[in-house]
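The values are calculated or read from the model by the stated rules, or taken from the named source; none is laboratory data. Here the structure is a predicted model, which means the values were calculated and not measured. Ideal geometry is used to build each Cβ from the backbone, glycine not excepted, and the neighbour counts take in all protein chains shown.
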Amino acid sequence: MCKVEQWLRANRRQYEVFVQVVEHLLASGFHPVSTDLYRDHAFRRDHTEAMVQVLGSFEPASVPWPLKVFSTGPLFRAGQAWLEAVDVEWLGEPAETKDADVVQFLVDLVSGFRLEARDLVIVFGHLGWLQRVLDAKGIGESERRQAIEALRQGCWSWISSHWPDLVSLFRPLPPSQFVEEINRWIEPIGLPAVQTPWTERWDLSLTGQWDYYHGIVFSLYHRATGQALANGGRFEMRVRDRAIDGIGFTLYLDAFRAVEG
């Protein structure tokens, strides 16, 4: 097969994946929302904030909350050029009982890809539990912000140098071991009632890359690559002096295509 044919076949598969995902979302009651590629003097780096801003421009009484929406299109990442992504959101959904349903929906969506479940790893973090642990340790707000910023930049050594007694919570642990470790600091917790076919790990160093996250966060990886296939979590944003809660995730279609082979 010549290089042009390989390239065309790869593009065809990415298009097939895109159609497959969109059809699943439409059949599940999600509404498409278009977002600008270029706004506020910067390329689009995130669909979520743009969707929330658009829907937050309507009067609250006119929107049937909670609302299931999605947006598609390329996202800009410095050093990675453009990433083709699909952003899936449940807006106006403040109940944490929805967390497990969202993870299960991700499982159902990913099951349509040509991937082996044994090759996938989902890592969970939780900013709310992280805050409670830091409360128990008596850590102030300024140091908390500094720690979270360091974690979002990949500086995990910050934890071992500042809080060596917490290091065990900032590495990927099986669910039962994570509960045992975190219960040394805060009241017993209950993990979301979801069972995925993938390897599951919990790690408080996973804080999500955006500062609007405040609860559970998660990332899905393939063992063959360090690139995330999906990122998501619970968030809150303010639009016109009112808070909009939600939870969702972003699928990176380029990453899926790469590991499908």
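Residues that are among the charged types (D, E, K, R), surrounded by fewer than 13 Cβ atoms within 10 Å (Cβ to Cβ) and closer than 23 Å to Asp108 by Cα within region 1-32 comprise Arg12, Glu16, Glu23, listed in sequence order.
Mind listing whichever residues of region 160-205 are among the β-branched types (Val, Ile, Thr) and modelled with pLDDT of 90 or more? Before you say what the answer is, go through the steps one by one.
Our first condition is that a residue be among the β-branched types (Val, Ile, Thr); within region 160-205, this holds for 167, 179, 182, 186, 189, 194, 196, 199.
Listed by number, the residues that qualify are Val167, Val179, Ile182, Ile186, Thr196, Thr199.
Here Phe113 meets the list (1) in a helix (DSSP H, G or I); (2) under 29 Å from Arg171 (Cβ atoms) almost entirely, failing just condition (1).
Got a number for residues in region 233-245 being on the phi > 0 side of the Ramachandran plot, in contact with a Ser or Thr (Cβ under 8 Å, 6 or more places away or on another chain) and surrounded by 17 or more Cβ atoms within 10 Å (Cβ to Cβ)? Step through it out loud before you land on a result.
Filtering region 233-245 for residues on the phi > 0 side of the Ramachandran plot gives 233, 240-241.
Pick out the ones that are also in contact with a Ser or Thr (Cβ under 8 Å, 6 or more places away or on another chain) and you get 240.
Retained after the next criterion (residues that are surrounded by 17 or more Cβ atoms within 10 Å (Cβ to Cβ)): none.
The number of residues fulfilling the criteria is 0.
Evaluation of Leu37 against the conditions (1) more than 16 Å from the chain's Cα centre (by Cα); (2) touching a residue at least 60 places away in the same chain (Cβ under 8 Å) shows that the sole unmet condition is (2).
What is the one condition in (1) touching a residue at least 24 places away in the same chain (Cβ under 8 Å); (2) touching a Phe, Trp or Tyr at 6+ places or on another chain (Cβ under 9 Å) that Trp82 does not satisfy? Going through (1) touching a residue at least 24 places away in the same chain (Cβ under 8 Å); (2) touching a Phe, Trp or Tyr at 6+ places or on another chain (Cβ under 9 Å) one by one, Trp82 breaks only (1). Picking from residues in region 1-34 that are without any contact (Cβ under 8 Å) to a residue 12 or more places away in the chain and of a type in the set (S, T, N, Q), the one that is farthest from Asn231 (Cα to Cα) is Gln6. I'd like to check something: does region 33-42 contain any residue that is touching a helix residue (DSSP H, G or I) at 6+ places or on another chain (Cβ under 7 Å), part of a helix (DSSP H, G or I), aliphatic (A, V, I, L, M) and under 27 Å from Ser111 (Cα atoms)? No, because not a single residue in region 33-42 is touching a helix residue (DSSP H, G or I) at 6+ places or on another chain (Cβ under 7 Å), part of a helix (DSSP H, G or I), aliphatic (A, V, I, L, M) and under 27 Å from Ser111 (Cα atoms). Among the residues making up region 117-130, those that are assigned to a helix (DSSP H, G or I) and within 14 Å of His214 (Cα to Cα) are Leu127, Gly128, Trp129, Leu130.
One line per residue, one yes/no per condition, for (1) assigned to a loop (DSSP other than H, G, I, E, B); (2) buried (at least 16 other Cβ atoms within 10 Å of the Cβ); (3) among the hydrophobic types (A, V, I, L, M, F, W, C):
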site	(1), (2), (3)
Arg45	yes, no, no
Trp65	yes, no, yes
Thr72	no, yes, no
Phe76	no, no, yes
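For beta carbons closer than 9 Å, sequence separation of 6+ or different chains, a first residue in region 101-116 that is under 22 Å from Arg13 (Cβ atoms) and a second that is buried (at least 18 other Cβ atoms within 10 Å of the Cβ) and small (Gly, Ala, Ser), the qualifying pairs are Leu106/Ala230; Leu106/Gly232; Leu109/Ala230; Val110/Ala230. Ser57: over 22 Å from Trp210 (Cβ atoms) and small (Gly, Ala, Ser), yes or no? Against the criterion (over 22 Å from Trp210 (Cβ atoms) and small (Gly, Ala, Ser)), Ser57 does not qualify. State whether the residues of region 11-24 include one that is out of contact with any Ser or Thr (no Cβ under 9 Å at 6 or more places or on another chain), assigned to a loop (DSSP other than H, G, I, E, B), charged (D, E, K, R) and closer than 18 Å to Phe249 by Cα. Scanning region 11-24, I find no residue that is out of contact with any Ser or Thr (no Cβ under 9 Å at 6 or more places or on another chain), assigned to a loop (DSSP other than H, G, I, E, B), charged (D, E, K, R) and closer than 18 Å to Phe249 by Cα, so the answer is no.
Confirm whether Leu115 is buried (at least 17 other Cβ atoms within 10 Å of the Cβ) and over 17 Å from the mean Cα position of the chain (by Cα).
Numbers: buried (at least 17 other Cβ atoms within 10 Å of the Cβ): yes; over 17 Å from the mean Cα position of the chain (by Cα): yes.
Yes; evaluated as a whole, the condition is true for this residue.
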